[in-house]
Every structure is written in structure tokens, then in C-alpha cells.
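Everything on this sheet refers to the single structure shown next.
The values are calculated or read from the model by the stated rules, or taken from the named source; none is laboratory data. Because the structure is predicted, anything quoted here is derived from the model rather than measured. Cβ placement follows ideal geometry from the backbone for every residue including glycine, while neighbour counts extend to all protein chains displayed. Side chains included, ligands, DNA and RNA excluded: accessible areas come from the protein's heavy atoms. Shrake-Rupley method; radii C 1.70, N 1.55, O 1.52, S 1.80 Å.
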Amino acid sequence: MMESGDEYRTTRKTPPLHHIIRTRKRQERRTVKQIRDDQGTTHTTSMTIIKAFTMYFRTKFQPIRIDEHNAKQMMECVTQTEPSVMCTALEAPITMEELRHAISKGKSHKAPGPDGIGLEFYKTAWETIKVELLQIMNLIYLEGIILRKQLQGLIVCIPKHAQPKTIDDYRPLTLMNIDYKILTRIIAERLRPFMPTILHPHQFCGLQGNSVFEAVAVVREAIAYAETAKKPICIVSIDFSTAFDRISHEYLYKVLSSHGFDDLFIQRIKTFYGNATSEKHINDFRSDQIQIQRSMRQECPLSMLIYAYV
């Protein structure tokens, strides 16, 4: 979300006093005064604090080696969709309507990425920029021409509780550039119609029309049936810690290939994910670039669907 007062600055209005106070309190709350790293060393200066965070995330996003034999066995269980129909839909140039829909669907007053351009700019200047923007999107999508800065993210950390002491006490969020999010939102919309042909009907993540509330209802009905029929039942609940960060890029590409995606589409995903970098923002400082060699960024509109495929 926008920081308090940002909305007023964009409209040239003077923010009320309570907005100014709330902004200062939020900045104070997010200031990291000291942090303890994995070796137990406590850092108290801004430079050593950001260095500790940078080392942590560089380790966190190192590539995951996969077992080729086990991966091959897993691929044999993958359901393949109709390649020709899917590939035809994915290879078509982006249309003006797709671009308009992707921009209008985005939520306003969200924090921008490293380039500082918010979604409000694209909505407000739509009539002026739509032709050139469509050309740029198709240049990226069809020819794979994209700047590394467009793939760059900005990692901000939100405290999980009132008195964070270690880096694990913070929840990292990666802010992405809006042009990248517009493009990946278009690709996500193209993928949605093929999700039901690949995923199990009892899958809730990624299937349009299915919600987590239905999943809860199914579990409750199963328990009620077992109690009424006096039959044994076993329910297993698994919570994957930092699930998105545990996805190997190499494994991801293998899964997409097994699902029937062609080499051109997989190359696009490699461009988006394989060349991604982020900077850590903390105490008004930015770290050096951190290469993202695994993981799926939560701010990327494609991430949830790709995760469901994997």
C-alpha cells in the first residue's frame, strides 16, 4: 500500500496532521536499530545491518540442486494438456483489450517497484500511452527484449511482531515494477482457461471458481460423514514454510515442459525468472543486487498459477 501521505502528494493536497503522525510512527516502526544474524552476531549500524540482510537473502535465493532421477519419475506423473490449443493461445500477440483489462484490473494505491511508477500513471495516461505501451509489451512478449532493470525487485521487510530480533522475525515482500506486473498479469489470464485440464478438480489454488472456503467445507463434510457413519478418518494438514522460496527454477522448467508448454513459452519464463534480481531496502539504504536463482515472487501475478502447476 501507499505510505500515508503519498496519496495526498499525488493529488497536491496537504495531508491532515494525523496522516503525518501515522507516517512517522510507521517509519519509526520499520527502522531496524539492531539485528542478530544466523551466527549470533548482533549488528547495530546501518551498514552492518544491511550487509547482514544482504548475506541472508543471497543464501536464501541460491539455486536448489535437484535429483535428476527423482525429477524424471515425478515428470511421468504430470498431466499433459492439449499442446496445440494451448500453444496457439499463448503465442498470439497481445491485444489492446488484454492490455486495457490488465491495467484496469490492478489495484490502485499500491507501492510501486524500483522505477517509482505507480499503476495510477498507466490508468490516468491510458489514452496517451496505450499505442506505444502495446508495442513495448509485444516487443517483450514476442521477441524477449526486456531490460534487466524491468526484472528488478525491491525487497522490503515487515516485522512479524512488535520486537523483532533476528532476520527471520521479518516478512520479506518484493515490490515489482508495474510494467512487469501488467505483462505477467496478461500471461496469467491466458493460462487460466487451461488450469482445469491440468490440475485435479479438488485443487483449489489456481482454479477459477474454487475458493479456500469450499476446501474448508469439504473437510467439515468429511468429518461429519465419518462421525455419522462411525467410520475412521485421517486428515493430514501440511503447512509449507516459505513455500514460494523453495521452488527450484530448474525443476520448474522441467514441469512446464512435461505439461506440454513449448520451448518458446518456457524461454519466456526463463527470461522473467532466470534473470531476476532484487535489492534490499532498509533504513533508507539499498543493498547491492541479489540474484534470484530460485523462488517465485509473491508480487508477480504469474506466481500463484505457476506454483499450482509445480
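Values as computed for the structure displayed
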| quantity | calculated |
| --- | --- |
| The stretch 191-206 versus the stretch 142-169: alpha-carbon centroid distance in Å | 28 |
| Structure-based [θ]222 nm, the chain - -39500 (n - 2.57) summed over DSSP H runs of at least 4, per residue, nearest 500 | -14500 deg cm²/dmol |
| Euclidean distance between Cα centres, the stretch 10-74 to the stretch 233-310, Å | 18 |
| Among 226-234, 265-273, 37-45, the order from most to least packed when residues are scored by Cβ within 10 Å on average | 265-273, 37-45, 226-234 |
| Solvent-accessible area of HIS202 with every protein chain in place, 1.4 Å probe, in Å² to the nearest 10 | 140 |
| Most to least packed among 292-298, 114-120, 304-310 [average Cβ atoms within 10 Å] | 292-298, 304-310, 114-120 |
| Spatially proximal lysines relative to LYS123 (Cα-Cα < 17 Å; intrachain offsets below 8 disregarded) | LYS105, LYS107, LYS110, LYS181 |
| The stretch 22-172 - Debye-derived log10 I(q)/I(0), Cα point model, q = 0.19, 0.21 Å⁻¹ | -1.15, -1.26 |
| Principal axis dimensions, the chain - Cα atoms, whole angstrom, descending | 58, 55, 42 |
| 1.4 Å probe accessible area per residue over the chain, in Å² | 60 |
| Positive-pole candidate from PRO301, ILE140, ILE117, dipole of the chain, charges at beta carbon | ILE117 |
| List PHE194, PHE204, ordered by accessible area with a 1.4 Å probe, largest first | PHE204, PHE194 |
| Accessible area in the full protein assembly, largest first, 1.4 Å probe, for LEU134, LEU147, LEU99 | LEU147, LEU134, LEU99 |
| Within the chain, percent of DSSP bridges classed antiparallel, to nearest 5 | 75 |
| Solvent exposure ordering (accessible area, 1.4 Å, most first) of TYR225, TYR253 | TYR225, TYR253 |
| Partners for LYS72 among aspartates and glutamates (Cα-Cα distance below 15 Å; same-chain residues under 8 apart left out) | GLU250 |
